[in-house]
Amino acid sequence: SDLPFAIWATPGQIVLLESAAVGATALVIVPAVMLAGARFLPMTMVLSPLLRDRAHRPWQNYLAAHLIAMTTWTIAMSRVPAMPARERLPYFWGFALACWGVSMAAVAAGYLVSGALPQWLRLGLVFIVPVYFSLLLLGEVRMPRPRVAIACGALAGPLLHQVAPQWSVLLAGVTGGTLAWLVTRNAGAVRA
């Protein structure tokens, strides 16, 4: 049986489905899906210290780390630092669980109506995720470095796709991120 409430991000789902489609075994699929989720480790390492407070038990922070996703991380990184330390973890829990609940309702609704949608619309919906992430980062992160990184990645992606289509996303991330770091490293007091 499927457990949609246990599956978060699209990259892990794509790795799972594409690996299964080519006949990969669980010994290959499980580590591949785990590697697709490895991007959450640096996000967790950055956010977790901001949520930590002596008023809360360590296990509460540990469980909160499992609710870190792109939306919860971005919103928390923009709002949590200005909050009193005692309010940060409860805020994160409330926001993350609300996101999780809405996501599960949306998954159920999407599953029920997906058969009625034309194929061109179903294929077009794939672009909602990158557009949403870009708008989320541009709207919530008010610092120049992430915006420069998004712009550099957006420029590098199509160019690198012409050279190495299978590696273009990874190469665009590394190249665009490195270029953004080089461009903004001498920004002085500006911190991202």
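The values are calculated or read from the model by the stated rules, or taken from the named source; none is laboratory data. A quick note: this is a predicted structure, and the numbers were derived from the prediction, not measured. Glycine also receives a Cβ, built like all others from the backbone with ideal geometry; neighbour counts cover every protein chain displayed. Just the protein is used for accessible areas: all its heavy atoms, side chains included, with ligands, DNA and RNA removed. Shrake-Rupley method; radii C 1.70, N 1.55, O 1.52, S 1.80 Å.
Residues checked against (1) within 19 Å of the chain's Cα centre (by Cα); (2) at pLDDT 85 or above; (3) closer than 22 Å to V15 by Cα:
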position	(1), (2), (3)
A96	yes, yes, no
V107	yes, no, yes
L123	no, no, yes
V141	yes, no, no
R147	yes, no, no
C152	yes, yes, no
A156	no, yes, no
G176	yes, yes, no
G188	no, no, no
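In the set (1) of a type in the set (S, T, Y); (2) open to solvent by 30 Å² or more (accessible area, probe 1.4 Å); (3) over 22 Å from F127 (Cα atoms), the condition left unmet by T10 is number (3). State whether one or more residues within the stretch 158-167 are at pLDDT below 85 and surrounded by 11 or more Cβ atoms within 10 Å (Cβ to Cβ). No; the residues of the stretch 158-167 include none that is at pLDDT below 85 and surrounded by 11 or more Cβ atoms within 10 Å (Cβ to Cβ).
Name the single residue that is farthest from F133 (Cα to Cα) among those in the stretch 72-86 being in contact (Cβ under 8 Å) with a residue 40 or more places away in the chain and open to solvent by less than 40 Å² (accessible area, probe 1.4 Å). If you could, list the steps in order and put the result at the bottom.
Here is the first cut: in the stretch 72-86, the residues in contact (Cβ under 8 Å) with a residue 40 or more places away in the chain are 74-75, 77-78.
Filter once more, so that each one left must be open to solvent by less than 40 Å² (accessible area, probe 1.4 Å): 74-75.
Numbers: T74: 9, I75: 12 Å.
Result: I75.
Among the residues of the stretch 42-71, those that are aliphatic (A, V, I, L, M), surrounded by fewer than 16 Cβ atoms within 10 Å (Cβ to Cβ) and touching a residue at least 24 places away in the same chain (Cβ under 8 Å) comprise V46, A55.
Pick from P130, P90, P31: which is assigned to a helix (DSSP H, G or I) and either more than 20 Å from T10 (Cα to Cα) or open to solvent by less than 50 Å² (accessible area, probe 1.4 Å) (or both)?
Working: P130 fails: either more than 20 Å from T10 (Cα to Cα) or open to solvent by less than 50 Å² (accessible area, probe 1.4 Å) (or both); P31 fails: either more than 20 Å from T10 (Cα to Cα) or open to solvent by less than 50 Å² (accessible area, probe 1.4 Å) (or both).
The unique qualifying residue is P90.
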